[in-house]
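Trainee: Quick one: this structure, given as C-alpha cells, is what I'll be asking you about.
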Amino acid sequence: MADWIENFQNRFYLNFIKDDRWQYITRGLWTTIQITVFAVLLGIAIGFLVAVIRSTHDKTGKMVIPNFICRVYLTVIRGTPVVVQLLIIYFGIFASVNIGKMIVAVIAFGINSGAYVAEIVRSGIMSIDKGQFEAGRSLGFNYVQTMVHIIMPQAFKNVLPALGNELIVLLKETSVSGYIAMEDLTKGGDIIRSRTYDAMMPLLAVALIYLVIVMLLEFAVGKLERRLRNSDH
Amino acid sequence: MTTDTLISVRGLTKKFDGMATHALNGVSADIHKGEVVFVIGPSGSGKSTFLRCLNLLEEPTSGTILFEGADITDKKTDINLHRRKMGMVFQQFNLFPHMSIMKNLTIAPMKLLKLSREEAEQTARELLARVGLSDRADAYPNQLSGGQKQRIAIVRALCMKPDVMLFDEPTSALDPEMVGEVLTVMRELAEENMTMVVVTHEMAFAKEVATRVIFMDNGSIVEENTPKELFENPQSDRLKSFLAKII
Ligand SMILES: Nc1ncnc2c1ncn2[C@@H]1O[C@H](COP(=O)(O)OP(=O)(O)OP(=O)(O)O)[C@@H](O)[C@H]1O
Ligand SMILES: [Mg+2]
C-alpha cells in the first residue's frame, strides 16, 4: 500500500509538478474554453441567420437562392467530419494567409456548430403556433418585426436547453484542435505524455477535467429546462 | 361607393393550393362606418376566409378590396400601414405568452405608432378598466381564463385605435359560462359605433347586435339583410334550411 502511494506521488510529481508541467493543462484548458466560447457565439449567430432564412422560405416561399445556399451549407457541414473541416480551413483556405490559429479554430468550429444550431433554432421557430405570427401581422408588424418581437423570443426560450447541449458537444469536439497544432486541453495532456512517457496519468487528468465541465454544464442545462418548464410564461 | 364606405370588396375569389373548389367565389360587399355586420353560414362556407382576406392575412386569388379608399390588394400598397387600422380578434386569442398583459397591449402602439410608454400604458389602462381587468395588467396570458384572454385580445386590438374590428368566432373556443363576458364587451363596442365585422355561430347575439347580417354558403354571399328580416323572413332555400338546422 505504502509502495503504491509512493509510486503515485512520484508519478504525480513527474507529470504535473516537475518543470511546471501542470501549466500544459491549465494553458490548454484556457485555450479550449476560449475556442469553445467564441465558436459557440459564432455558431449561434450563423445558426440564427440560417434558421431565419430557412423558415422564411418555408413560410413564404421567398428567398429561394439564400435558402438553397443554406441547405448546401447544412448538408456539407453535417455530412463531413469536423476534423476534416478544420484541416481544410487551416491548410486549405487560410494556408497563404497569416492568421492566428485561434481565429482559424473559432471560425472552423463556429461554422460547424452553426449548422447544428440552425436546425435547433429552425425547429424552435416551427414549433411556434402560426396564430402568433398572424396576431403580430394583424397588428401591423411587418415580417421582420414579427420575427424579432414575437416569434424569436419564444423560439429562443424553447430551444435554450438544446443550445446548451450543443455547447457540451462543441466543447468535446474542440479536442481535435491539436490537428492544427493548437495546444488545447487534450494536446496539453498529450505533450506531457510525450515528455514523461506516462500515458495514463496526464490523459486521465484531461478526461476528468472534460467530465467535470460537462457535468457542470449538464447540471446547468437541466436546471434551465426545469425552470422553463415550470415558468408561467 | 359612398363617402361613409369603409371597406369595399369587389369580385373577391380565393382558391387554396391543392383545393379543387374555390373557398370564395366572387364575393362583393360594402362595410360602412358604424355598421355591425355579422357573417353567418355553415361550416366551410368561407366565412373565415372572407374575414381574413379583409386584412390580407389570406391573400385573395382575385378581386379588389378598398379600405378607406386605398386598394389594399394592389401590390404597391403597404398593407402593414392599413392593418394598424384594422383590429383582429381570433378564435384562439393568440395573446403573446412571453409578455405580460401590459406588454401585450403596449408593444404595437409603442413600436408602430411610436407612442411613449406613458401614453401607451395610459390608453391600455383605460381600456383594461372598461373590460374590468385593471388588476391583471402584470399577469401573463396563461394565468388568465379563456374569457379574460379574449377580452385582453380585444383590448390589444383596440389599443391601436382601429377604424374597424374583425372578429373570427371570438367565443367559439370558450367555456359556455365565459361567453357572456366577451359578448358584453362586443355589445358595448357596437353601442359606441365601432365598425365591426363578426363571424359567429351565436345567432341570438347576431339578432340582437347586428345592423346587417350576411349569410354565406359555398363561398358566396347568398343573402344579406337586417337581422330581423333575415332571421324572420329568409328568402333563399339554403338560408331557410340553415336556420332550420341551427334552431
Ligand atoms: N389554409 C387553408 N388551406 C386549404 N384550404 C383551406 C384553408 N383554409 C380554409 N380552407 C378551406 O376553405 C373553405 C372555407 O373555409 P373557411 O375556414 O373560410 O370556412 P368557415 O366558413 O370559416 O368554416 P367554419 O365555420 O368551420 O369556421 C373550406 O373548404 C376549408 O377547408
Ligand atoms: Mg371559420
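Trainee: Please find, among B:Thr5, B:Thr21, the residue that is closer than 15 Å to B:Ser220 by Cα, touching a residue at least 24 places away in the same chain (Cβ under 8 Å) and of a type in the set (S, T, N, Q).
Mentor: Values: B:Thr5 fails: closer than 15 Å to B:Ser220 by Cα.
Only one candidate passes the filter, namely B:Thr21.
Trainee: Another one. Inspect all residues belonging to segment A:93-114 and state whether any of them is out of contact with any strand residue (DSSP E or B) (no Cβ under 6 Å at 6 or more places or on another chain) and within 26 Å of B:Ile79 (Cα to Cα).
Mentor: Let us first name the residues in segment A:93-114 that are out of contact with any strand residue (DSSP E or B) (no Cβ under 6 Å at 6 or more places or on another chain), namely A:93-114.
Subset that is within 26 Å of B:Ile79 (Cα to Cα): none.
Taking every residue of segment A:93-114 in turn, none turns out to be out of contact with any strand residue (DSSP E or B) (no Cβ under 6 Å at 6 or more places or on another chain) and within 26 Å of B:Ile79 (Cα to Cα).
Trainee: B:Phe90: under 30 Å from A:Gln154 (Cα atoms), facing chain A (nearest Cβ under 9 Å) and within 16 Å of ligand 2 (Cβ to nearest atom), yes or no?
Mentor: So B:Phe90 fits the description; yes.
Trainee: For a quick check of your reading of the model, give me the residue pairs whose first member lies in segment B:37-53 and is near ligand 2 (Cβ under 9 Å from one of its atoms) and at pLDDT 95 or above, whose second is aliphatic (A, V, I, L, M) and assigned to a loop (DSSP other than H, G, I, E, B), with beta-carbon atoms closer than 8 Å and at least 6 apart or on different chains.
Mentor: Taking only residues 6 or more apart or on different chains, the pairs are B:Gly46/B:Ala23; B:Thr49/B:Ala23.
Trainee: Would it be correct to say that B:Ile107 is without any contact (Cβ under 8 Å) to a residue 24 or more places away in the chain, within 26 Å of B:Glu192 (Cβ to Cβ) and at the interface with another protein chain (Cβ under 9 Å from one of its Cβ atoms)?
Mentor: On the way: without any contact (Cβ under 8 Å) to a residue 24 or more places away in the chain: yes; within 26 Å of B:Glu192 (Cβ to Cβ): yes; at the interface with another protein chain (Cβ under 9 Å from one of its Cβ atoms): yes.
Taking the combined requirement at face value, the residue satisfies it.
Trainee: Just checking, does segment A:21-36 include any residue being farther than 28 Å from A:Val82 by Cα and not hydroxyl-bearing (Ser, Thr, Tyr)? Give the derivation first.
Mentor: Going through segment A:21-36, the residues farther than 28 Å from A:Val82 by Cα turn out to be A:21-22.
So of that shortlist, the ones also not hydroxyl-bearing (Ser, Thr, Tyr) come out as A:21-22.
Yes, some residue in segment A:21-36 is farther than 28 Å from A:Val82 by Cα and not hydroxyl-bearing (Ser, Thr, Tyr).
Trainee: So, one more: Out of (1) within 14 Å of chain B (Cβ to nearest Cβ); (2) in contact with a Phe, Trp or Tyr (Cβ under 9 Å, 6 or more places away or on another chain); (3) touching a residue at least 40 places away in the same chain (Cβ under 8 Å), the odd one out for A:Lys157 is which?
Mentor: Failed condition: (2).
Trainee: Quick check on this structure: which one of B:Lys47, B:Lys15 is within 16 Å of ligand 1 (Cβ to nearest atom) and over 25 Å from B:Glu191 (Cβ atoms)?
Mentor: On the way: B:Lys47 fails: over 25 Å from B:Glu191 (Cβ atoms).
Result: B:Lys15 is the single residue among B:Lys47, B:Lys15 that is within 16 Å of ligand 1 (Cβ to nearest atom) and over 25 Å from B:Glu191 (Cβ atoms).
Trainee: Also, quick follow-up: Tell me, please, whether a residue that is within 25 Å of A:Ser113 (Cα to Cα), at pLDDT below 95 and of a type in the set (Asp, Glu) can be found in segment A:13-26.
Mentor: Looking through segment A:13-26, none of the residues is within 25 Å of A:Ser113 (Cα to Cα), at pLDDT below 95 and of a type in the set (Asp, Glu).
Trainee: Can I ask one more? I need a count of the residues in segment B:195-212 that are without any contact (Cβ under 8 Å) to a residue 40 or more places away in the chain and either in contact with a Pro (Cβ under 6 Å, 6 or more places away or on another chain) or more than 16 Å from ligand 1 (Cβ to nearest atom) (or both).
Mentor: Total meeting the criteria: 3.
Trainee: Among the residues of segment B:145-176, write down those that are under 23 Å from B:Gly44 (Cα atoms) and of a type in the set (A, V, I, L, M).
Mentor: Selection gives B:Met165, B:Leu166, B:Ala173, B:Leu174.
Trainee: Considering only segment B:50-68, state which residues are within 13 Å of ligand 1 (Cβ to nearest atom), buried (at least 18 other Cβ atoms within 10 Å of the Cβ) and more than 13 Å from chain A (Cβ to nearest Cβ).
Mentor: Going residue by residue through segment B:50-68, those that are within 13 Å of ligand 1 (Cβ to nearest atom) are B:50-54, B:57-61.
Next, only the ones that are buried (at least 18 other Cβ atoms within 10 Å of the Cβ) stay: B:50-54, B:57-58, B:60.
Matches in segment B:50-68: B:Phe50, B:Pro60.
Trainee: Any chance segment B:170-185 includes a residue that's touching a His at 6+ places or on another chain (Cβ under 9 Å) and not aliphatic (A, V, I, L, M)?
Mentor: Initial filter on segment B:170-185 (touching a His at 6+ places or on another chain (Cβ under 9 Å)): B:171-172.
Then keep just the ones that are not aliphatic (A, V, I, L, M); that gives B:171-172.
For segment B:170-185, residues touching a His at 6+ places or on another chain (Cβ under 9 Å) and not aliphatic (A, V, I, L, M): present.
The values are calculated or read from the model by the stated rules, or taken from the named source; none is laboratory data. All figures in this text were calculated on a predicted structure; none of them were measured in a lab. Cβ: placed from backbone, ideal geometry, glycine included. Neighbour counts: every protein chain shown.
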